[in-house]
Amino acid sequence: MAVGAAMLAAELGVSADFWLAVVGAAALGTSLLGLFGFDAPIWTQWAVFAGLAVFFAVFVRGPAYERLMAKTVDLAPELLGERARVVGAAIAPGETGKVELRGSTWRAHNEGTETLEEGATAQVDGVDGVMLRVRAPRA
């Protein structure tokens, strides 16, 4: 039971795509059977554990993962062409730094050929997850 609970807790700390939760739930399920008086040989307990793990992996993991793990919103169309301000330090061409856009600080990759100095304006040319692709504004 302790191993099952530990695996479920570990799933909260690491992104294992619910695989630790599958094994943890199977371990907890098997141990709960023992608490309710299901006294069987060890090989039967292992078979129950394996069966529960397969069941959870096939029928529960996918729907639970999709329901609990929210899909990220695609911000690319909304942010393209926006103007951001370089903060922290200058961003050389091909390097990553920080920009401020809409009151938030974002990681930004300079895709242009000019260095973006601190305080300068940068234009958003693309979005890769939570990183902006920026360059000096076009005239």
Legend entry - Residues whose placed amide H lies under 5 Å from that of Glu114, excluding near-sequence neighbours: Ala136
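Compute the Kirkwood hydrodynamic radius of the chain, taking the inverse of the mean of 1/r over all pairs of distinct Cα atoms, and give it in Å to one decimal. Each step should come with its number before you reach the end.
Values: mean 1/r = 0.0537 Å⁻¹.
Result for the chain, one decimal place: 18.6 Å.
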Legend entry - Cβ charges +1 (Lys, Arg) and -1 (Asp, Glu), total dipole of the range 30-112, debye: 160 debye
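For the chain, which longest stretch is free of loop sites, where a loop site is one of the trypsin sites (Lys or Arg not before Pro) that DSSP puts outside H, G, I, E and B and that has at most 13 other Cβ atoms within 10 Å? All intermediate terms of the calculation are to be shown ahead of the outcome.
Numbers: sites that count: Lys71, Arg102, Arg138.
Counting only loop sites that pass the neighbour cut-off, the longest clear stretch is 1-70.
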Legend entry - Rounded FRET efficiency, nearest 0.05, which uses the C-beta distance separating Leu80 from Glu114 and R0 of 25 Å: 0.80
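About its Cα centre, what dipole magnitude does the chain give when the only charges are +1 on Lys and Arg Cβ and -1 on Asp and Glu Cβ, stated in debye to the nearest 20?
Values: 11 positive and 15 negative charges, 36 e Å.
Computed charge dipole of the chain: roughly 180 debye.
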Legend entry - Prolate/oblate/rounded label for the range 1-67 (Cα gyration tensor, a/c 1.5): prolate
Legend entry - Extreme residue, positive dipole direction of the chain, given options Ser15, Gln123, Leu28 (C-beta unit charges): Leu28
Legend entry - Ellipticity estimate at 222 nm from DSSP helix runs (n ≥ 4, -39,500 (n - 2.57)) divided over the chain, nearest 500: -12000 deg cm²/dmol
Legend entry - Distance in nm between pseudo-label sites at Phe38 and Ala16 (7 Å out along the Cβ direction from Cα): 2.1 nm
Inset, instruction - In whole Hz, with x marking every Gly and Pro, tabulate ³J(HN,Hα) for the range 100-113 from phi via Karplus 6.51 cos²θ - 1.76 cosθ + 1.60, θ = phi - 60°. - result: 10, 9, 6, x, 10, 8, 10, 6, 9, 10, 7, 8, x, 9
Inset, instruction - Search the structure for amide H atoms under 5 Å from the amide H of Lys98, placed 1.01 Å from N in the peptide plane, and list their residues when 5 or more places away or on another chain. - result: Val87, Ala89, Ala108
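About its Cα centre, what dipole magnitude does the range 76-135 give when the only charges are +1 on Lys and Arg Cβ and -1 on Asp and Glu Cβ, stated in debye to the nearest 20?
Working: 7 positive and 10 negative charges, 29 e Å.
Dipole about the Cα centre, nearest 20: 140 debye.
I need to check one value: relative contact order of the chain, counting alpha carbon pairs closer than 8 Å and at least 6 residues apart, in percent.
16 percent
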Legend entry - Ranked packing of 30-39, 51-60, most packed first, by mean Cβ within 10 Å: 51-60, 30-39
Legend entry - Along principal axes, Cα extents of the range 76-135, largest first, whole Å: 25, 22, 16
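No lab work stands behind these numbers, since they all come straight from the coordinates. Only a predicted model underlies this, so the values are computations on that prediction, with no experimental measurement involved. With ideal geometry, Cβ positions are generated from the backbone for all residues, glycine too; neighbour counts draw on all protein chains shown.
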